[in-house]
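Below is one structure, written out as structure tokens; comments come after it.
The values are calculated or read from the model by the stated rules, or taken from the named source; none is laboratory data. Fair warning: this is a prediction, and the values are worked out from it, not measured in the lab. Please note: Cβ atoms are built from the backbone with ideal geometry, for glycine as well, and neighbour counts cover all protein chains shown.
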Amino acid sequence: MKNVNENFNSLTRNQTLVLDCLKQARRPLGAYTLLESLQKKGIKAPLQVYRTLNQLADKGMIHKIESLNAWTLCCDTKHEETPIFVICKDCGDVKEHLDKQFSKNLHRIPTDQGFKPDHSVVEIYGQCGNCS
Ligand SMILES: [Zn+2]
Ligand SMILES: [Zn+2]
């Protein structure tokens with residue numbers, strides 16, 4: 001099915017469903033948790049969820065938190081900076097930070113040896129203000 005109003009900002013039905021689900025959860029969700037809550041709405045196959053998550057990540061609307069194997073809404077609109085996730089190991093609270101200078105330095109490291117980075121992940125663990 002082709003979306004007639006296709007442009008950068010237009011979302012498919014599945015993309016809207018997944019985004020709504022993440023908005024309501026207010027915390028990162030794994031693909032299978034998403035699948036469980038979306039099954040009632042007609043998303044039945046894990047592949048559909050994975051595909052939708054990757055599409056939303058390409059649009060810069062969500063990020064994957066690798067160490068949690070979970071997905072979270074981006075705090076901002078599409079940005080160039082590598083997101084820095086600050087994760088509370090007690091309550092699981094996750095906050096996204098953006099730092100232009102840090103990203104610049106980070107991108108400079110691997111290219112020195114001719115390595116072409118695809119993407120980088122920065123995750124900082126600790127205790128949030130409520131838990132410490
Ligand atoms: Zn972001
Ligand atoms: Zn906490």
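Filtered by the rule that a residue be near ligand 1 (Cβ under 9 Å from one of its atoms) and out of contact with any strand residue (DSSP E or B) (no Cβ under 8 Å at 6 or more places or on another chain), segment 70-91 gives Thr77, Lys78, His79, Glu81.
With respect to the conditions (1) in a loop (DSSP other than H, G, I, E, B); (2) without any contact (Cβ under 8 Å) to a residue 24 or more places away in the chain; (3) exposed (fewer than 12 other Cβ atoms within 10 Å of the Cβ), Glu81 lacks only one, and its number is (3).
Listed by first and then second residue, the pairs linking a residue in segment 85-112 that is more than 18 Å from Gly126 (Cβ to Cβ) and at pLDDT 90 or above to a residue that is surrounded by 15 or more Cβ atoms within 10 Å (Cβ to Cβ) and among the hydroxyl-bearing types (Ser, Thr, Tyr), with Cβ atoms under 7 Å apart and 6 or more places separating them unless they lie on different chains, are Ser103/Thr82. Looking across segment 106-121, the residues that are surrounded by 10 or more Cβ atoms within 10 Å (Cβ to Cβ) and among the polar types (S, T, N, Q) come down to Thr111, Ser120. For the condition surrounded by 11 or more Cβ atoms within 10 Å (Cβ to Cβ), aliphatic (A, V, I, L, M) and more than 16 Å from ligand 1 (Cβ to nearest atom), Val94 does not qualify.
Lys64 meets the stated requirement of being among the charged types (D, E, K, R) and surrounded by 16 or more Cβ atoms within 10 Å (Cβ to Cβ).
With respect to the conditions (1) under 20 Å from Cys128 (Cβ atoms); (2) more than 15 Å from ligand 1 (Cβ to nearest atom), Glu66 falls short on a single one, namely (2). Entry remark, segment 97-132: residues being assigned to a loop (DSSP other than H, G, I, E, B), small (Gly, Ala, Ser) and within 16 Å of ligand 1 (Cβ to nearest atom) number 1 in total.
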